[in-house]
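*Asks:* Supplied in structure tokens, the structure appears directly below.
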Amino acid sequence: MNLKENLLSVLSGENVDVAPVISVTQLGIVEAMEKTGAMWPEAHKDSEKMAKLGSSLYELAGLECARIPFCLTVEAEAMGAQVDLGGKDKPPQVLNTPFSNADDIDIPDNFLESGRIPTVLKAVEILKEKYDDLPIVVGITGPFTLTGHLLGVENLVRYLKTDIDEVEDAIENSLDACMDYAEALSDVEVDVVCVAEPTASPELIDPLQFKSIVKPRLEDLAGFIDEKKVLHICGSTQEIIHDMASIGYDGISVEEKVDIVKAKEDIECGISSLKSGGKCLPNTINTPSKIIGNVSTSQTLFTGSIEDVKTETKKALDDGIAILAPSCGLAPLSPIANIKAMVEARNEYYGL
């Protein structure tokens with residue numbers, strides 16, 4: 001089976017014999033770092049180590065992709081934010097930024113040459129040279145989350161209540177940065193771009209704000225990305241699932257809090273009702289975006305037993321998941337054995 005063709009076929013809406021098992025979110029784990037010698041924080045800033053760790057779970061567990069980088073701080077750093085790269089089991093985080101007001105946010109002229117953006121681009125080239133049929137997934141920060149990194153999430157939420165026009169200008173500038181980065185990724189021929197927008201979770205902002213403020217920018221970004229694209233939003237996204245699935249992304253990545261069967265119904269009914277004057281015709285409309293997930297990273301893949309992983313994996317496939325994946329970024333102390341178990345369960349499910 002050609003792993004790249006299989007994944008891209010699913011994201012193109014084609015039927016395949018076997019659901020891919022990948023990760024569109026962070027996959028750096030300590031056990032893999034130790035086995036490959038590609039440790040955090042060095043793997044955040046060294047292209048060779050980034051590529052080695054990004055493909056480690058393919059080599060060690062059979063996961064059917066390489067995925068880089070391992071954080072959501074690359075763009076903020078390139079725009080001038082100070083980032084703590086963390087440690088072996090601690091991911092990077094934004095410490096502070098030069099922006100105190102929303103209207104201060106602007107893209108530096110040397111944005112694509114700044115920080116770790118060149119590291120990511122070089123790591124893609126290394127992976128493409130090494131692997132012919134392994135899909136390469138690169139995660140980028142969504143415009144709303146990037147704005148939160150640059151202003152502080154609390155300040156962003158305050159602006160949403162007190163000065164919506166100013167914050168929308170800031171999000172537009174962040175969107176321009178996302179587009180510039182996406183274009184650079186296209187130039188190095190990445191296979192899949194995953195746009196991560198955790199700050200847009202219904203657990204943080206009102207679903208109506210997602211629909212009026214975040215959704216239009218994500219739609220613009222989707223229209224700009226030429227490659228296959230996936231949208232990941234953390235938390236319980238059931239309330240916004242049909243919005244996520246209707247704005248041009250080939251796949252949507254969801255957590256275990258989402259009921260997959262209900263999500264598919266909500267997506268189909270939401271789209272069909274728009275086309276039929278409010279009447280739900282779920283059997284006549286194809287799901288716009290393929291659903292990706294949703295094996296728990298906070299519990300099952302982190303601390304669960306092999307049997308726990310296999311049971312949850314097979315349930316996700318029974319529920320109709322199109323692409324099997326961890327529900328969110330892997331906890332750094334997750335065991336390789338549990339990633340292997342997810343792959344093995346997929347194989348058992350299809351009798352491979």
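*Asks:* For region 211-274, count all C-alpha to C-alpha pairs, find those more than 16 Å apart, and express that count as a whole percent of the total.
*Replies:* Within region 211-274, distances greater than 16 Å cover 44 percent of Cα pairs.
*Asks:* Once amide H atoms are placed 1.01 Å from N in the peptide plane, what residues at a sequence separation of 5 or more from Lys228, or on another chain, have their amide H within under 5 Å of its amide H?
*Replies:* So Lys228 has HN proximity to Val193.
*Asks:* List the residues whose amide H sits under 5 Å from the amide H of Val295, counting only those 5 or more places along or on another chain, with H placed 1.01 Å from N in the peptide plane.
*Replies:* Answer set, sorted by chain and number: Ala325, Ser327.
*Asks:* Under 13 Å from the Cβ of Val195, count the other residues' Cβ atoms, weight Lys and Arg +1, Asp and Glu -1, and hand me the total. Write out the running numbers ahead of the final one.
*Replies:* Values: positive: Lys215, Arg217, Lys228, Lys229; negative: Glu75, Glu197, Glu219, Asp220, Glu227, Asp250.
Taking every other residue near Val195 into account, the sum is -2.
*Asks:* Using a/c under 1.5 as the rounded threshold, could you call region 1-112 rounded, prolate or oblate? The axes a ≥ b ≥ c are square roots of the C-alpha gyration tensor eigenvalues, and prolate needs a/b larger than b/c, oblate otherwise.
*Replies:* Values: a/c = 2.99, a/b = 1.53, b/c = 1.95.
Because a/c hits 1.5 or more and a/b fails to exceed b/c, region 1-112 counts as oblate.
*Asks:* Rounded if a/c is under 1.5, else prolate if a/b beats b/c, else oblate: with a ≥ b ≥ c from the C-alpha gyration tensor eigenvalues square-rooted, which is the chain?
*Replies:* Working: a/c = 1.61, a/b = 1.08, b/c = 1.49.
Oblate, since a/c reaches 1.5 and b/c is not below a/b.
*Asks:* What length, rounded to one decimal in nm, is gained on full extension from Glu14 through to Asp169, with 0.36 nm per residue of separation minus their alpha-carbon distance?
*Replies:* Fully extending the segment from Glu14 to Asp169 adds 52.0 nm.
*Asks:* Shifting gears a bit: Can you list the HN-Hα couplings for region 42-53, worked out from phi with the Karplus curve (6.51, -1.76, 1.60; θ = phi - 60°), rounded to whole Hz and with x for Gly and Pro?
*Replies:* Once rounded to whole Hz, the list reads 4, 5, 7, 10, 10, 4, 5, 6, 4, 5, 5, 6.
*Asks:* Is region 64-106 rounded, prolate or oblate when judged by the Cα gyration tensor, a ≥ b ≥ c being the square roots of its eigenvalues, rounded requiring a/c under 1.5 and prolate requiring a/b larger than b/c?
*Replies:* Since a/c reaches 1.5 but b/c is at least a/b, the shape of region 64-106 is classed as oblate.
*Asks:* Per-residue HN-Hα couplings for region 295-310, Karplus 6.51 cos²θ - 1.76 cosθ + 1.60 at θ = phi - 60°, whole Hz, x for Gly and Pro?
*Replies:* For region 295-310, the Karplus curve yields 6, 4, 8, 7, 10, 4, 6, 7, 10, x, 7, 4, 5, 4, 4, 5 Hz.
*Asks:* Let me ask something else. Report, in deg cm²/dmol and to the nearest 500, the calculated mean residue ellipticity at 222 nm for the chain, where each DSSP H run with n ≥ 4 adds -39500 (n - 2.57) and the sum is divided by the residue count.
*Replies:* Estimated from H runs of four or more residues: -13000 deg cm²/dmol.
*Asks:* From the phi angles alone, apply the Karplus equation (6.51, -1.76, 1.60; θ = phi - 60°) to region 239-247 and give each ³J(HN,Hα) in whole Hz, x where the residue is Gly or Pro.
*Replies:* Each residue's phi maps through the Karplus curve to give 5, 10, 4, 6, 5, 4, 7, 10, 10 Hz.
*Asks:* By per-residue mean of other Cβ atoms within 10 Å, what is the highest-first order of 96-106, 145-155? The partial results should precede the final answer.
*Replies:* On the way: 96-106: 15.5, 145-155: 22.5.
Highest to lowest by the protection proxy: 145-155, 96-106.
*Asks:* How big is the charge dipole of the chain about its Cα centre, in debye rounded to the nearest 20, if each Lys and Arg gets +1 on its Cβ and each Asp and Glu gets -1 on its Cβ?
*Replies:* I would put it at about 1040 debye.
*Asks:* Sorted by mean Cβ packing within 10 Å, highest first, what order do the peptides 21-27, 299-305 take?
*Replies:* Top to bottom by mean Cβ count within 10 Å: 21-27, 299-305.
*Asks:* Tell me the carbon and sulfur percent of the accessible area for the chain, rounded to whole percent, probe radius 1.4 Å. Can you show the working numbers first?
*Replies:* Numbers: 6250 of 13910 Å².
Accessible surface attributable to carbon and sulfur in the chain totals 45 percent.
*Asks:* Sort the following peptides by mean Cβ neighbour count (other Cβ atoms within 10 Å, averaged over residues), highest first: 133-141, 181-189.
*Replies:* 133-141, 181-189
The values are calculated or read from the model by the stated rules, or taken from the named source; none is laboratory data. Nothing here was measured: the structure is a model prediction, and the numbers come from that model. Neighbour counts run over all protein chains shown; Cβ positions are idealised from the backbone, glycine included. When the accessible area is computed, the model is the full protein with side chains, heavy atoms only, and any ligands, DNA or RNA have been set aside. Shrake-Rupley method; radii C 1.70, N 1.55, O 1.52, S 1.80 Å.
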